[in-house]
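> Input: one structure, supplied below.
The values are calculated or read from the model by the stated rules, or taken from the named source; none is laboratory data. Bear in mind the structure is a predicted one, so any value in this text is a computation, not a measurement. Cβ sites come from the backbone with ideal geometry, for glycine too, and all protein chains shown count toward neighbours. Keep in mind that these areas ignore ligands, DNA and RNA; they rest on the heavy atoms of the full protein, side chains included. Shrake-Rupley method; radii C 1.70, N 1.55, O 1.52, S 1.80 Å.
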Amino acid sequence: MHRHIRSWIIITLLILTRYAPTMAQENQQRPRAREAGVIVGVFPTGAHNAITDVAGVRVGHTTLHRGDSIHTGVTAILPPGDDWFHDRPPAAIVVGNGFGKLIGSTQVNELGELETPILLTCTLCVWRTADAMVGWLLQRKDMQDVRSINPVIGETNDGGLNDIRSRPVTGDDVVRALESAASGPVAEGSVGAGAGTVAFGFKGGIGTSSRVLPASNGGYTVGVLVQTNYGGVLTINGAPVGRELRANRVGAIDSFDLAATYGTQDGSCMIVVATDAPVDHRVLQRIANRALAGMARTGSSFSNGSGDYVIAFSTAESVRRRDTRTPRAVTDLPNEALSPIFQAVIEATEEAIYNSLFKATDVKGPRSTVRALPLEQTLKILEKYKG
């Protein structure tokens, strides 16, 4: 009996070992939107076209792909430094549609600051994820006297491709995402918290993008990371891609019943915005609102069952909140300087969403397989509508 159990474990590990590299290889083979010729907006990107182009920001993933039943994970976004509780970046959270389980939002908006990294995961994993990060933080240096902490955890519901009721994310998975966080290129598609998500009827996932303003507009960097799991009629750079793909498959559309024509419209999108522009909580709220405009450009329906949230923070030294009771001098931007930043966050959000779709791969779940966006057909549609 023990020999059979041992053999089963070895076979299972071999299968999982083979499956993980295959997923990674598929992610590498599919291009990002810009690599495929889809250029969004007017501002240039940063070196990696990622949220990590904002200096000091790091991203880590733990990805769980186990057979056909588990497709989920954790994505960690770390502001600069390693003592966020005592050296807090200003932050704001904006709700596009509040059908979600975002932990920590009320304190962020009351105090206007973050005191932990930001984690993204699946709906029924948020509480376990929050508990694990709190435990990890309380063990860190200079945290021995802390009696309250406000973890910020966002989620989308990946229950279509993931056995979400099993709540497969563990404390070790959370710690691994936090401790693996790094600057530089960011893995996208069916990874981390995007392992089991679906967007516009295709495989969604993690996407990221950045914009760098010209020196005449301050030279600031804006970076965005998204977890896409929502519905609507996919639009790319203004082209009706979703409508065309559906028409090519079943003929002309006579009615516009979204649910019947394109499948379920419920779902959610988490958007994280980072910038090195010196801006406070009030301005970060304004910036976060513009990220929703970028999401709207992709064809989102912001449906009844969608939990759409934007978490925005600034990394600028002049606006960070040190743990002190003494007054501080703050240098921040005037309102008249904000319009280029608004444009940048709209562009970066839109492109990050496209990247989440372009880099995603087919995923087989317990009930069905969700296909990745067909890139060859998509690019033909974009060429057709090129103006």
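> Give the calculated FRET efficiency between Leu375 and Ala215 to the nearest 0.05, with a Förster radius of 41 Å applied to their Cβ-Cβ distance.
Working from the Cβ atoms, E equals 0.70.
> Relative contact order, percent, of the chain when contacts are C-alpha pairs under 8 Å separated by at least 6 residues?
24
> Pairs to check: Lys359/Lys386; Lys101/Lys359; Lys101/Lys364. Give those whose C-alpha atoms are more than 24 Å from each other in this structure.
Beyond 24 Å between Cα atoms: Lys101/Lys359; Lys101/Lys364.
> Still on this model: Please list, in order along the range 81-90, the HN-Hα scalar couplings obtained from phi with the Karplus expression 6.51 cos²θ - 1.76 cosθ + 1.60 (θ = phi - 60°), rounded to whole Hz, x for Gly and Pro.
Using θ = phi - 60°, the values come out as x, 9, 10, 5, 5, 9, 9, 9, x, x Hz.
> Once amide H atoms are placed 1.01 Å from N in the peptide plane, what residues at a sequence separation of 5 or more from Lys203, or on another chain, have their amide H within under 5 Å of its amide H?
Under 5 Å from the amide H of Lys203 lie the amide H atoms of Arg371, Ala372, Leu373, each far enough along the sequence or on another chain.
> With each label point set 7 Å from Cα along the Cα-Cβ vector, what nm distance links Glu179 and Thr106?
Once both label points are built, they end up 3.4 nm from each other.
> Which whole-number percentage describes the relative contact order of the range 37-148, with Cα contacts under 8 Å and a sequence gap of 6 or more?
So the answer I get is 21 percent.
> Also, quick follow-up: Ignoring any ligand, DNA or RNA, what whole percent of the accessible area of the chain comes from carbon and sulfur when the probe is 1.4 angstrom?
C and S atoms contribute 52 percent here.
> Toward the positive end of the charge dipole of the range 26-120, about the Cα centre and with charges on Cβ (Lys, Arg +1; Asp, Glu -1), which of Ile39, Pro79, Pro117 goes farthest?
Ile39
> Among Leu373, Gly305, Gly104, whose Cα lies farthest out toward the positive end of the dipole of the chain, if unit charges sit on the beta carbon of Lys, Arg (+1) and Asp, Glu (-1)?
Leu373
> Now for a different question. Give me the percent relative contact order of the range 158-212, please, defined on Cα pairs under 8 angstrom at least 6 residues apart.
Relative contact order for the range 158-212 comes out at 31 percent.
> Can you run phi through the Karplus equation (6.51, -1.76, 1.60; θ = phi - 60°) for the range 358-363 and list ³J(HN,Hα) in whole Hz, with x for Gly and Pro?
These are the phi-based 3J(HN,Hα) values: 5, 8, 5, 10, 4, 10 Hz.
> Ok, one more. Which value, in Å², gives the accessible area per residue of the chain when a 1.4 Å probe is used on the protein heavy atoms?
43
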